[in-house]
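Asks: First, the structure itself, so that you have it in front of you.
Each reported figure results from applying straightforward, stated rules to the coordinates on display, with no laboratory input. Keep in mind that what you see is a predicted model, and the values were worked out from it rather than measured. Cβ coordinates were reconstructed from backbone atoms using ideal geometry, including for glycine residues, and neighbour counts include every protein chain displayed.
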Amino acid sequence: MHEILFFGVIFGGIFSLFSSLILVHMGMLIDRFPVGDEEKRERSIWSPREFTRYAVMIYWPMYFAGAAMLVPGTRIMTVAGIATLFGLILFLITALIFSGATYNLMRAQGKGSGSPMATGSMIRPESILRAFRLPVQGRKIPSSRVSQAARTAAAEE
């Protein structure tokens, strides 16, 4: 049982490392994005870049504390450690989704279109279907020709 938890902590740490790097990068992209005709943007703890950095700096000590809860081996500490790690990883996933949606919205407003794509700018159904070599089917357009059954019915009358 301890081996499974050990590998879970390692896998979660690798996932968290890459996700936190992406999250910090997204925070910098959102912070650099031009908003209107502003001359100089004021930087504070609440600007996207600093807030994301602080969130990641708080994330890692909590992750190590959750991993340390798994070491004693008592049931209560094991459950608390698993819940802590699971909650932290869900927090990171939520932050990534929110950052991606915010950046997508800012890009869509910068391009002049009022609404962003619902599926995101990187994921389009056509590209997913082509990636798996599935045929891309558009909407079915009804034919202007009369069907064979309608022609034979009209000829018999």
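Asks: Between residue 4 and residue 111, how high is the FRET efficiency from 1/(1 + (r/R0)^6) when r is the Cβ-Cβ distance and R₀ = 35 Å? Nearest 0.05.
Replies: Using R0 = 35 Å, I get an efficiency of 0.15.
Asks: What is the diffusion coefficient of the range 6-103 in µm²/s, taking the Kirkwood radius over Cα pairs and the Stokes-Einstein relation at 10 °C with a viscosity of 1.306 mPa s?
Replies: After rounding, the answer is 108 µm²/s.
Asks: Once R0 is set to 35 Å, what does the formula 1/(1 + (r/R0)^6) return for the Cβ-Cβ distance between residue 47 and residue 76, expressed as a FRET efficiency to the nearest 0.05?
Replies: 0.30
Asks: I've got another one for you. Listed highest first by mean packing, meaning other Cβ atoms within 10 Å per residue, what order do 22-33, 54-65 come in?
Replies: 22-33, 54-65
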